[in-house]
Structure formats: structure tokens, C-alpha cells
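The values are calculated or read from the model by the stated rules, or taken from the named source; none is laboratory data. Owing to the predicted nature of the structure, the values given are computational and were not obtained by experimental measurement. Heads up, the Cβs are rebuilt from the backbone with ideal geometry, glycines too, and the neighbour counts pull from every protein chain shown. SASA here: full protein model, heavy atoms, side chains in, ligands and nucleic acids out. Shrake-Rupley method; radii C 1.70, N 1.55, O 1.52, S 1.80 Å.
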Amino acid sequence: MKATVFIAYIFLLMYFVVGVAFIYLFVLVVRALRKYIKSEPVRKEKAESAKSLGEVIKRYRTQRKMTQEFVAESLGVSRQAVSKWESGVSHS
């Protein structure tokens, strides 16, 4: 009889531990979702400020008053390639 009671207590303890683990997991998921939802403005700002390589090339080229031809010669490519990069037509 004592062994049966002992086994029953072991099972109750096991169910309690599993229950606490699920509650803890639930709390972690809720915290992660709240953090993700609160970060939406930051994610939108990063997406808006993300620039393509062509946009960066064009910005620096114009700031330094360089022509597409000069950049092309410096890189060993055609002027049309630089133009395509800046316009986003070509990604390579």
C-alpha cells in the first residue's frame, strides 16, 4: 500500500513539474510576441532606410561629383553597367 501511495505522489509531482514547465514556456512565448509587436516601428524604419547597392553607389558618386563613366573605368566595367546598378535594373 505504501508503494502505491509513493508512486501516486511521484506522478502528482511529475504532473506539477510538467505543468510549471508549460506555464513557463507560455510566459516566454508571450514575452517574445510582445517584444516582436513593440519592435514593429523599428523594423519598418530599418526596411525604409535599407538601400540597395546601386542607391549607395549613386549617392556617393554624386556627392563626390564623379561621373558614371569615371566610376565604370575605375571598376573596370562599362558605363552602362554602372547605370543599370544605380537604376536597379541589374543586380550583378
Next on the checklist: For Lys65, only one of the following conditions fails: (1) in a helix (DSSP H, G or I); (2) on the phi > 0 side of the Ramachandran plot. What is its number?
Outcome noted: (1)
Item to check | Subset tally (residues that are more than 30 Å from Arg79 (Cα to Cα) and open to solvent by 70 Å² or more (accessible area, probe 1.4 Å)) for region 39-53 | outcome: 7
Checklist entry - Can you tell me which of Val89, Val56 is surrounded by 10 or more Cβ atoms within 10 Å (Cβ to Cβ) and not in a helix (DSSP H, G or I)? => result Val89
Checklist entry - Out of all the residues in region 68-86, which are part of a helix (DSSP H, G or I) and open to solvent by less than 60 Å² (accessible area, probe 1.4 Å)? => result Gln68, Val71, Ala72, Ala81, Val82, Ser83, Trp85, Glu86
Next on the checklist: Filter region 18-32 down to the residues that are open to solvent by 100 Å² or more (accessible area, probe 1.4 Å) and of a type outside the set (Lys, Arg) and list them by number.
Outcome noted: Phe22, Ile23, Tyr24, Phe26
